[in-house]
Structure formats: structure tokens, C-alpha cells
1. Sorted by accessible area (1.4 Å probe), largest first, how do Leu150, Leu140 line up?
2. With the cut-off at 18 Å, tell me which of the pairs Lys87/Lys129; Lys87/Lys148; Lys31/Lys87; Lys88/Lys135; Lys31/Lys172; Lys99/Lys135 have Cα atoms farther apart than that.
3. Considering only the other residues whose Cβ falls under 12 Å of the Cβ of Phe100, what net charge follows from Lys and Arg at +1 and Asp and Glu at -1?
4. Please list Arg152, Arg108 from largest to smallest accessible area, probe radius 1.4 Å, with all protein chains kept in place.
5. Take the solvent-accessible surface of the protein heavy atoms, probe 1.4 Å, and return the percent of it on the stretch 96-182 that carbon and sulfur atoms account for.
6. Using every pair of alpha-carbon atoms in the stretch 73-182, split the distances into 10 Å bins beginning at 0 and state the percent of pairs per bin, rounded to integers.
Amino acid sequence: MEPYRDRVDKIVQLLLQYDRKACKADWNFHKALEERKEKIENICGQPFAVAANNASAERIESNYPKYHFKIDPKVIKIVSDIEADYKKRQGNLVISLAKFIKPEYYERKKGKKYASNDKNLKRSLTISKNKISEKLNGFLSSFFNESKTLERDFTHRLQEIEEEIERERERKNKQGQGDYKD
């Protein structure tokens with residue numbers, strides 16, 4: 001599927017531009033992803049300040065809790081993995097449609113002469129056109145629901161990962177405090 005990845009990604013972007021609700025769901029996912037990236041950066045010990053807000057760095061950094069130990073943010077690749085998986089699943093929606101359309105698409109056979117009013121040819125072309133247009137209309141109407149489901153699932157997954165990282169950080173802090181008391 002590697003040679004088709006760029007084409008599928010472009011088709012997904014076109015579909016997102018076509019359907020406003022799907023575009024909003026996609027935007028919500030990317031917004032949640034950026035928020036998690038900020039929190040992970042802070043948990044790793046590197047406060048993340050947003051310059052676009054024109055707020056002071058102290059105020060922004062005070063919104064996040066401080067941690068004693070530092071984690072190398074290069075080690076945490078889960079956010080990029082989630083983003084790649086999200087794009088892959090969006091692409092899978094398009095690929096599943098293509099897998100249906102390919103065998104249903106009826107073409108004239110090369111080298112065969114057809115009469116101008118060949119009933120079998122007209123019938124086959126009409127049936128093919130109807131099946132494909134019906135499936136395509138169903139796909140376009142359900143693309144929003146699929147996008148919304150993906151956005152919801154992956155946003156919850158990001159929250160679970162953030163909570164897991166937080167628990168790991170607290171566990172390490174408790175172990176570190178225990179060492180200092182002894």
C-alpha cells in the first residue's frame with residue numbers, strides 16, 4: 001500500500017474539505033493531540049510555553065505542575081504513533097471503498113466490437129454505475145460518523161496515555177522520596 005499512501009492521504013483531505021462535520025472532528029482530534037503534546041513536554045520536565053497567547057511564560061508554566069525527575073521526550077513516541085494510526089485508519093476507510101468499487105466497475109473489453117445498441121453492454125454499464133453510485137453515496141454520508149468515531153476513540157486513548165504517564169511520574173516521585181527518607 002506504500003505507493004498509494006500519498007494518493008489516499010490526498011483523498012482523505014478532499015473528503016475532509018467536503019464534509020464540515022468530519023473536518024471539525026479531525027480538527028478536534030488534532031487540537032487534543034497538541035494539548036497532550038504540551039502536557040507530555042511538561043511532564044518530561046521541559047515547560048511548554050505558547051508564544052501565540054502573548055501571555056507571560058511564568059503564568060503559562062504555573063498552570064502545569066512541576067516534577068522532580070526528567071524524562072527524555074525523544075523516548076515517548078506514543079503521540080506520533082497515535083497520529084500515524086489515526087491517519088492510517090482514515091486511509092483504510094477510503095481503501096475499503098476502493099476495494100468495493102474496483103470489482104464492480106464494468107469496462108468494455110478491449111478488442112471486442114460492440115453494436116451501437118448492444119443491450120447487454122448497456123445493462124452491464126447501468127448496473128455497474130448504479131452499484132458504484134449507491135456505495136459512494138453511502139460512503140459520503142457515513143464518512144462524518146466514521147470520522148467522529150475515530151476522533152472520539154483516539155481522544156480517549158490520548159487521555160488514557162496521559163494518565164498512565166502521570167501515574168508513572170507519581171510512582172517515580174514516591175520512590176525518590178522514599179529514598180531520601182531512609
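The values are calculated or read from the model by the stated rules, or taken from the named source; none is laboratory data. Model, not experiment: these values are computed from the prediction. Don't worry about glycine lacking a Cβ; one is built from the backbone with ideal geometry, like all the others, and counts go over all protein chains shown. Note: areas computed on protein heavy atoms with side chains; ligands, DNA, RNA excluded. Shrake-Rupley method; radii C 1.70, N 1.55, O 1.52, S 1.80 Å.
1. Values: Leu150 20, Leu140 50 Å².
Putting Leu150, Leu140 in descending order of accessible area: Leu140, Leu150.
2. On the way: Lys87/Lys129 30 Å; Lys87/Lys148 14 Å; Lys31/Lys87 15 Å; Lys88/Lys135 21 Å; Lys31/Lys172 29 Å; Lys99/Lys135 11 Å.
Beyond 18 Å: Lys87/Lys129; Lys88/Lys135; Lys31/Lys172.
3. Working: positive: Lys99, Lys102, Lys131, Lys135; negative: Glu104, Glu134.
Value of the local net charge: +2.
4. Numbers: Arg152 115, Arg108 145 Å².
Largest accessible area first, the list is Arg108, Arg152.
5. Its accessible area is 48 percent carbon and sulfur atoms.
6. In whole percents, the pair-distance histogram is 11, 24, 19, 15, 12, 9, 6, 3, 2, 0.
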